[in-house]
8 protein chains.
Amino acid sequence: MMEKAKVLVIMGSDSDYPVVKDCLRTLKDFNVEFTAEVCSAHRTPERAAELAGSAKESGYGVIVAAAGKAAHLPGVLAAFTTLPVVGLPIKSSLQDGMDSLLSIVQMPPGVPVATVAVNGAVNAGLLAVQILALKYDELAVRLADYKQSMKNKVENKNANLQDIINKEI
Amino acid sequence: MMEKAKVLVIMGSDSDYPVVKDCLRTLKDFNVEFTAEVCSAHRTPERAAELAGSAKESGYGVIVAAAGKAAHLPGVLAAFTTLPVVGLPIKSSLQDGMDSLLSIVQMPPGVPVATVAVNGAVNAGLLAVQILALKYDELAVRLADYKQSMKNKVENKNANLQDIINKEI
Amino acid sequence: MMEKAKVLVIMGSDSDYPVVKDCLRTLKDFNVEFTAEVCSAHRTPERAAELAGSAKESGYGVIVAAAGKAAHLPGVLAAFTTLPVVGLPIKSSLQDGMDSLLSIVQMPPGVPVATVAVNGAVNAGLLAVQILALKYDELAVRLADYKQSMKNKVENKNANLQDIINKEI
Amino acid sequence: MMEKAKVLVIMGSDSDYPVVKDCLRTLKDFNVEFTAEVCSAHRTPERAAELAGSAKESGYGVIVAAAGKAAHLPGVLAAFTTLPVVGLPIKSSLQDGMDSLLSIVQMPPGVPVATVAVNGAVNAGLLAVQILALKYDELAVRLADYKQSMKNKVENKNANLQDIINKEI
Amino acid sequence: MMEKAKVLVIMGSDSDYPVVKDCLRTLKDFNVEFTAEVCSAHRTPERAAELAGSAKESGYGVIVAAAGKAAHLPGVLAAFTTLPVVGLPIKSSLQDGMDSLLSIVQMPPGVPVATVAVNGAVNAGLLAVQILALKYDELAVRLADYKQSMKNKVENKNANLQDIINKEI
Amino acid sequence: MMEKAKVLVIMGSDSDYPVVKDCLRTLKDFNVEFTAEVCSAHRTPERAAELAGSAKESGYGVIVAAAGKAAHLPGVLAAFTTLPVVGLPIKSSLQDGMDSLLSIVQMPPGVPVATVAVNGAVNAGLLAVQILALKYDELAVRLADYKQSMKNKVENKNANLQDIINKEI
Amino acid sequence: MMEKAKVLVIMGSDSDYPVVKDCLRTLKDFNVEFTAEVCSAHRTPERAAELAGSAKESGYGVIVAAAGKAAHLPGVLAAFTTLPVVGLPIKSSLQDGMDSLLSIVQMPPGVPVATVAVNGAVNAGLLAVQILALKYDELAVRLADYKQSMKNKVENKNANLQDIINKEI
Amino acid sequence: MMEKAKVLVIMGSDSDYPVVKDCLRTLKDFNVEFTAEVCSAHRTPERAAELAGSAKESGYGVIVAAAGKAAHLPGVLAAFTTLPVVGLPIKSSLQDGMDSLLSIVQMPPGVPVATVAVNGAVNAGLLAVQILALKYDELAVRLADYKQSMKNKVENKNANLQDIINKEI
């Protein structure tokens, strides 16, 4: 695992951690190395610039950035790197996170952010893995396994549903 | 006018200029000196940091920042200065500028942006003047005159309305 | 502190106080004198006009106005003064305060309100301080300290995060 | 017609007139006397207070107030009168007038505004007539006629539709 | 009180009663006689038509209609009467009652509904009183008293606030 | 075709016809007999009740109802029939028809309306055909043909795209 | 009951079951046979295609599909069948299910989904029954009974309301 | 260029091409090979499944999918592949493409779609390049050049702005 590109996970506030946790666990499940940092686009902007600007040469292949409200962090990081930046909108203040979503996804031409669903931490991790899998074949194999295991889970849930319906309806 | 603090007006794209123009004209009407720049939070982030970081010592008293879509510019500038930053959301992509508005106004605690209406360029300029007027009494006098002239205009419009109604209704 | 301009904080209802409290504490932390009042644009409109109309000569430099729902208070106060008015939308009825936000921020040309985030009481206070700091240098110094202390807090949170991740992931 | 209560129609800006015109025409069709004024809650607040405060004793029975954006006018007038105030949101800036609608309809307890549809000028006029009809029986008779004529118009349109369909489908 | 026009209050579902209650109490406080009914535009449409169609001759002067979700009740009642219909949107399903609000307020030309805020039951009652006050002078007197008592309450709350601030800030 | 159940297409206003036309043409393409009427839930409510109430015995199998703004027509018709009612929201006033959509789709339990997309007239017609196809096998055959022809069209468009790309990119 | 067409109820996740349950109970109350399955458009897409593609020949007359968030399931099923598909948006993530609603209702021309209210499970079941009733007369009879029983319930609730009002107001 | 992974660009309708064109041109500017197809999730679902299912073994490294309204295409493709799928919401029907955005971005856990801004075609292309650049170093070099050229353009625009301001303000 040492030689694989790592994932840099940055959250704008430690209050985002309960959501971001699922992203970190997903990365760990795929045996992908990551660093997680609290770093604010507004309170520690120099550190944000530094983290993003040095990410590529530090061996990171993807950045995941989680933020809420006027969620500038993913876009600010994307300004300082050519690595793909995955944006994870956190449900915080207005309309279940609509402010976070729009602040992250509506980036101007030239500086994309790959946005996932509000609070979609598992998918932020998976998207990072899918990107790395382009280079590391073993991740592609694991993703195929993951897809199969999702199918199995749905089938099990379907089987359980039949029991529940027999009892309740 | 030389010794008064100046206003630094930054727009994220030159496509914002047709709106921002009304802000510049308002500043000029109040005889307030300003510098206007195109500077993008995402395409020229170092320049944005530099402009905001040096604004105070360069003699600026207020920053006005105009941006559309995922409008990070006002917040990014605010991260690098303790000057008041006026945010001007530009009507561009989604829902008549709702994305710009939310990206600008929903700033996290510690880094405020003084947000005006979508495309509210005149008010962005006036708010800058109101802030400077705290220190420069002649601006307070002009603001009082401006308020009076608005009243006069409304009264004139009301007089004209009576003619129109007599003809049309 | 006696000779500094004061801040007039007006809330539309005493039910806004639990939010506005953070604004008052922020002002106090910066050693900025303030008066806080409950005054409704709709129930006590004459008092609102009087408070705003006399604020400048009473020694106030900034007005902060908090209101929810059809939040007319900040705009109504701005109609009677040339002082900068900071508008603080309170999350109350519709869509997490979207009604309050739009009622405050969408002011017509000529009468700006400097709007902060929904429930953004700390920022309402900070913005008032930033405005006063234009005139009072010691406030500018304190704002720089505040900015530095925010950075330190983020760095501490980042350090703590590493421990949490070591345990939980 | 002289002895009937009149309707006071106030618009926040002369740019609202092309919409408000349909309200005035509706009042005229019902032979209801009205005064129309341009008066801004923010630019001429004293005049707004005076108009609303004296409306009852001036012989008005209903106030219709039209405004756009942060549409405070109807609520501000309602603060100064116990007459029913009909609020007419004007489609102007954001989301087809959603800002106007919310600023008008979301009034706090104690100060109602009778809100009609965005740009619903005919209905603003009709509602004023319906209110006056409570006292003036001849208006109730005319409203019943109006309702019947609407039915007839729909039936005529239905007849025409059959011709169109025969040709076009 | 016997000879005064009454208010007909109709709610679409008994689940609306906890909100509508404040409307009924407001009417009672003003000594205005009312009838309250559960009647659904969709489940008991004939009864809705009958209630609205006979309301005027049954001695009602205003109808208040409360409904949630696709809140058709106020509009359906308005179709069958020339009395003013006050629409009270109930916060139920989507976006804090935005569906109810739009379904009630966006009526087509010819059939107005006087819409109040989402869950604005007190104002629905007050608006009914304001309308009746056009004819019954004693109600106008009571409304003026009510306005004065609101002012007194705000002033009391302001006095209390000073104590709270002295303790807490 | 004579013995098949017919479709009753009702539009709230003749201004809806340019959209509804595509529904009528779709029905005609499937050789399904229909009647189209202008009938308003608010202006001709008795006729609406009569049309819906007698639709089943008049030989209709499905009702399609198109309406805009506070679009009550589909729900009002559904109140008077047990036939399936297809609701077609017309893009008219607010937010590209969001008011129409919510007014139609958010029906209370017991009275469903089968809602299609805003201005989705072709789909309103197709849904009516799909419903009738449950009983009339020849319609099921035609629907399968229609599905195949859509595939062919997409394939043709794809072929054309290749030419366009060769020229333009 | 054996010879009647059945209803195929598919939910995207077993977490939708607490809502969907009311649909199943409604079908059972009407003595309509159904199969309920958990099947995800994204996790088990082949199974979704298979279920929809074979539904008609398996004896189903209507498909009901429930899904939340980016609720693709109803549309994906509709792509593989000419049976009417009823879409049931589940309130899950954003804005009380607005994301689910728009993802289901805004289908492109050619592939309709009959959408009911967010969490409108009873109506999803009723709509399926209404569709089947076109072919099976006994269902039409039951629907008429159901409509009558709804009226009775409203009348009972109205009677109860009078007692409550007598006590509480 | 032959040995590099290609990009598969799929649009739901040929009407999306005028927007998608900018994505294709971006890919071409970076010398990245691509295939573009019209393929509908709803009209040609088997083809969509086949394209996505075979994309990896056909030598594609990223899929870009553009769609409007109930924009299921990106999610449907993601269901059949472990490649990263970039979702491009097309501004079509409701609220400037809010329906497209929510239908694409709000994917359930397990099946991410990397969403860019509404009509953000350049960024869809750039994101694909950023992803491929993880493996192909020459693309990383070009991305760095692209970033530099964006800076230069902003600086040129800034220089031009000074001329415009000198003339116009």
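The values are calculated or read from the model by the stated rules, or taken from the named source; none is laboratory data. All figures in this text were calculated on a predicted structure; none of them were measured in a lab. Neighbour counts are summed over all protein chains in view; Cβ atoms, including those assigned to glycine, are modelled from backbone coordinates with ideal geometry. Note: accessible area is taken over every heavy atom of the protein model, side chains too, but ligands, DNA and RNA are not part of it. Shrake-Rupley method; radii C 1.70, N 1.55, O 1.52, S 1.80 Å.
Quick notes on this one:
- The rotation axis that maps chain E onto chain A passes nearest to the beta carbon of this chain E residue, listed with its distance in whole angstrom: E:GLN95, 4.
- Summed over all non-identical Cα pairs, the Kirkwood treatment of the range F:6-60 gives a radius of 11.8 Å.
- Pairwise label distance in nanometres, B:LYS151 with B:ILE169, each label 7 Å out on the Cα-Cβ vector: 2.5 nm
- Helical mean residue ellipticity (222 nm; -39500 (n - 2.57) per DSSP H run of 4+; nearest 500) of chain B: -16000 deg cm²/dmol
- Each residue, A:GLU138 and B:GLN162, gets one label point 7 Å from its Cα in the Cβ direction; the gap between the two is 8.8 nm.
- Summed buried accessible area for C+D [probe radius 1.4 Å, Å², rounded to 100]: 2100 Å²
- Shielding by partners - mean other protein chain Cβ count within 10 Å, residues of D:61-72: 5
- Dipole of chain G computed with +1 at Lys/Arg Cβ and -1 at Asp/Glu Cβ about the Cα centre; of G:ILE165, G:SER92, G:THR81, farthest Cα towards the positive end is G:ILE165.
- Accessible surface for D:GLU50 stands near 110 Å², nearest 10, in the context of the full protein assembly shown (1.4 Å probe).
- For chain B, a crude dipole built from +1 on the beta carbon of Lys and Arg and -1 on the beta carbon of Asp and Glu, taken about the Cα centre, is about 160 debye to the nearest 20.
- GNM on chain G, alpha-carbon springs under 10 angstrom: the most fluctuating residue among G:ASN152, G:ASN31, G:ASN123 is G:ASN152.
- Neighbour net charge for G:LYS147 - beta-carbon separation under 14 angstrom, K R +1, D E -1: +2
- Phi-derived couplings, Karplus 6.51 cos²θ - 1.76 cosθ + 1.60 at θ = phi - 60°, listed residue by residue for the range E:84-99: x, 10, 8, x, 10, x, 9, 6, 10, 8, 8, 6, 6, x, 4, 5 Hz, with x used for Gly and Pro.
- Cα-Cα over 28 Å, subset of C:LYS28/E:LYS147; B:LYS28/C:LYS21; F:LYS69/G:LYS69: C:LYS28/E:LYS147; B:LYS28/C:LYS21
- Based on alpha-carbon atoms, the Kirkwood radius and the radius of gyration of the range E:64-164 give Rg/Rh equal to 1.11.
- For chain G, the longest principal axis of the alpha carbon atoms and the long axis of helix G:121-133 meet at an angle near 80°.
- Cα principal axis extents for chain B, largest first, Å: 60, 41, 29
- Acute angle (nearest 10 degrees) that the helix B:137-168 long axis makes with the longest principal axis of chain B, alpha-carbon atoms: 40 degrees
- Cα gyration tensor, the protein assembly as shown - rounded (a/c under 1.5), prolate or oblate: oblate
- Values of log10 I(q)/I(0), in the order q = 0.14, 0.15, 0.22, 0.30 Å⁻¹, for the range A:44-89 under a Debye, Cα-only, solvent-free model: -0.28, -0.32, -0.67, -1.14
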